[in-house]
Structures are given as structure tokens and as C-alpha cells.
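Following: one structure in C-alpha cells, then a few remarks.
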Ligand SMILES: Cc1ncc(C[n+]2csc(CCOP(=O)(O)OP(=O)(O)O)c2C)c(N)n1
Ligand code: SF4
Ligand code: SF4
Ligand code: SF4
Ligand SMILES: [Mg+2]
């Protein structure tokens, strides 16, 4: 069978979502941000919620997220996305409001905002891209940087005595009663992307059902900051990030439960 | 069991040559071209098109959503 007999509209099985714009993303080749953007755009399209979605963009490499997913957006100051989302969601209870934040944004400068939004159980979805580094500004150490990990500000590796311990903020969030669903996912291969998509779908559904905060960490790569090829970065993540940041659900329950089940 | 044949179309200009799709394809269909696109990236292409089963794995992992996949039963 010739290619031209296969490449026909009726045989189409995978294509870009209409909710994703045609703008070429500014991300480095192989960056996890692009995969997560794509998954969010696909779900918004599949669930038919394009008109009622409001995204809150972070400061960090994803600062231009609003150029790539064709929904309403509001840009927030660094780390303040959960506070802005609180306002948007409370004033527009019928909208689907989500934040999209990096680990520097969420776990460092914005650690207060995320804790309190999750503790209040704001009816929002949080998508948390943990690449263990400040990607945008040149690969500085983040709270999430692994012990011993080399960054531009820890050239000899993170040293807990000097730099503190890597922070599992998702485990902390899972203790907060305002959350209903807290999970840790990845997007390094097709199976994990499919799983992550199911998790984000559940988070979106929870918001539509007004179940409180859903929090989805995506353990990610920053191959530029890590100074590796994209394929090597995915492997490094499996070998080094996953043991410390194990994938899976941390809480799958209802708002109001004081602690996570796990 | 019905056999399937697949084919992909890579948006050559959108591709950043990251190689993630090449690594993910279970049938070694894809490779990075020795030539580059207008932005200087070695774009992905079907080096062994006859092996493609249209599993969509390459499309699913592409961070720049530049792979479209087709599949037929034969
Ligand atoms: C108030 C303020 N402080 C510091 C900065 C500098 N800054 C920009 S992005 C960033 C960190 C981004 O890291 P992360 O949130 O992990 O996003 P990534 O780029 O890794 O996706 C910092 C510190 C800023 N823009 N605004
Ligand atoms: S610097 Fe890192 S996080 Fe930012 S676009 Fe490049 S790979 Fe992605
Ligand atoms: S559809 Fe599957 S078999 Fe075909 S190129 Fe993509 S990953 Fe390989
Ligand atoms: S995953 Fe996408 S951007 Fe990367 S090489 Fe393949 S087609 Fe190009
Ligand atoms: Mg980061």
C-alpha cells in the first residue's frame, strides 16, 4: 500500500487540537511544557469548555502560555497565579479556572499563595510543572532541585547544609483539606502522557463539579537547564527525579477531609 | 487479526528536531533528517515508512504537536 493511500482525511487518527493555536511555541526543543500545553488544549476541546475556560499564566518559561492555548487568560505576577485564580473563580463561578505554574513560581516565590488557595479549597485546577530548576532565568536552583543536583547557582551540586532540602510541595498540599485530588504525573513517553491526560481530565471534571482544588504535578524536564539532550533528560528524570518524586495519586477524595488517604 | 498500516506527516517547519518521537517509536520508523529546516533543525521524517502501524505514540509525545498520524486496516 502506498503512502498516498494511507494519508487521507478518512484515515486520520491523530492531529493537533483546534484549541491549540498555530503559533510555534518558544520552548526549547523537547521541553515538557509543550506536551502539557498540548494535553490541556486537547482536553478543553474534547470537553467542549473552550468558551468557559480561563487560564492564569505564570512567570517562568510558560509566561507566554496564552499564545498557545486559545482560551481566555490572565497573566499573574510571579507566584501569584493562585490568588488571581481565586478572584476570577469567585467572581465567575461558572467558569473553569486553572493555573499553570512552574516550580520556581509555585514552590518558591508563590509558596504562600498556593498553600492558602489549596487550604481554602478554591474551585480551581492547578497544573504544576516541576522541572527542578528555574528554567527561564538560566537554570538556578529551585526549592525542588534534588540533593546533589548541579544548577547554575549550585555548581558543585545542591548541598542540604547550605541550601536546604529539596521540597516535596505536592506531599504538603495533599495534607490540606481544601484539596480533593492531588496527583503526580509525567509526560516523558506515550504511556505517561496518556495517564497524565486522564489525571488532568479528572482535575477539570472536579472543578466543573465544584469539588474544590485539584492539584496536578507533572514531573518534567528542562533539558536546556540540565544541559542534556531532550532524550537524555527524559532518561535522567526517570533515574533521578522519579525515585524522589514518585508518580501516582496522593489524594483522591473529597474536600474537607483533613489529611490525605496516603 | 486485521493488519494495520500507518503513516505520519511531520510539519517539517514546526519540528525542532528534539528526537523524542524517534526514541518513542516502537518500530524504528522515524529518524532525524540529515538536512535542516529553515530554522536550522534536523527535522523528523519517516526513514522506514513500511514499518509504521499508526500507533500515534510519536504524535502523543511531540512537544510541538507537529506529527499527524493516519491508519488503515488492510
Ligand atoms: C518578582 C519576580 N522575581 C523574580 C523574577 C525572575 N524570574 C523569572 S522566571 C523565574 C523562575 C521561573 O522558574 P519556574 O517557575 O520553575 O519556571 P520554569 O521556567 O522552570 O518553567 C524567576 C525567578 C521575576 N520575573 N519576578
Ligand atoms: S529553559 Fe527549560 S523549561 Fe524553559 S523552555 Fe527551555 S527546556 Fe523548557
Ligand atoms: S505512528 Fe507509531 S509506528 Fe508510526 S511512526 Fe509514529 S510511533 Fe512509529
Ligand atoms: S518530537 Fe516533534 S519536534 Fe521533536 S523531533 Fe519529533 S516531530 Fe520534531
Ligand atoms: Mg522550573
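What follows draws every value from the coordinates through simple rules; no lab data is involved. In this text the structure is predicted, and so the values were computed from the model without any measurement. In this analysis, Cβ positions are derived from the backbone assuming ideal geometry, glycine residues included, and neighbour counts consider all displayed protein chains.
Below is a table of values for the structure above.
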item	result
Among A:16, A:210, A:251: highest mean-square fluctuation, GNM of chain A, C-alpha pairs under 10 Å	A:16
FRET efficiency, residue A:227 to residue A:172 (Cβ-Cβ, R0 51 Å, nearest 0.05)	0.95
Three-way shape call for the stretch A:23-87 based on the alpha-carbon gyration tensor, with the a/c threshold at 1.5	oblate
Cα convex hull of the stretch A:205-262 - mean projected area over all directions, nm²	5.5
CD proxy at 222 nm, helix term only [per DSSP H run n ≥ 4: -39500 (n - 2.57); per residue of chain A; nearest 500]	-8500 deg cm²/dmol
Helical contribution to [θ] at 222 nm, DSSP H n ≥ 4, -39,500 (n - 2.57), averaged over chain B, rounded to 500	-2500 deg cm²/dmol
Descending Cα extents along the principal axes, the stretch A:77-187, whole Å	49, 27, 27
Theoretical gain in end-to-end length, residue A:150 to residue A:165 [0.36 nm per residue, Cα-Cα removed]	4.0 nm
Cα shape, the stretch A:1-54, gyration tensor, a/c 1.5 rule	oblate
Full-stretch length increase - residue A:238, residue A:201 - with 0.36 nm per residue and alpha-carbon distance subtracted	10.9 nm
A:78, A:33 arranged by Cβ crowding within 10 Å, fewest neighbours leading	A:78, A:33
Shape parameters for chain A, alpha-carbon atoms, Rg then Dmax in Å	18.2, 64
Residue A:8-residue B:3 FRET efficiency (beta carbon distance; Förster radius 22 Å; 0.05 resolution)	0.80
Rounded Å value of the spacing that divides the Cα centres of the stretch A:149-183 and the stretch A:103-132	12
Stretch gain in nm, segment residue A:15-residue A:74, where the contour uses 0.36 nm per residue and the Cα spacing is subtracted	18.5 nm
Cα shape, the stretch A:161-211, gyration tensor, a/c 1.5 rule	oblate
Calculated diffusion of the stretch A:142-262, Stokes-Einstein form, Kirkwood radius summed over Cα pairs, 25 °C and 0.890 mPa s, µm²/s	158
Whole-number percent relative contact order across chain A, with pairs defined as alpha carbons under 8 Å at least 6 apart	17
Rel. contact order, % - alpha carbon contacts under 8 angstrom, at least six apart, chain B	46
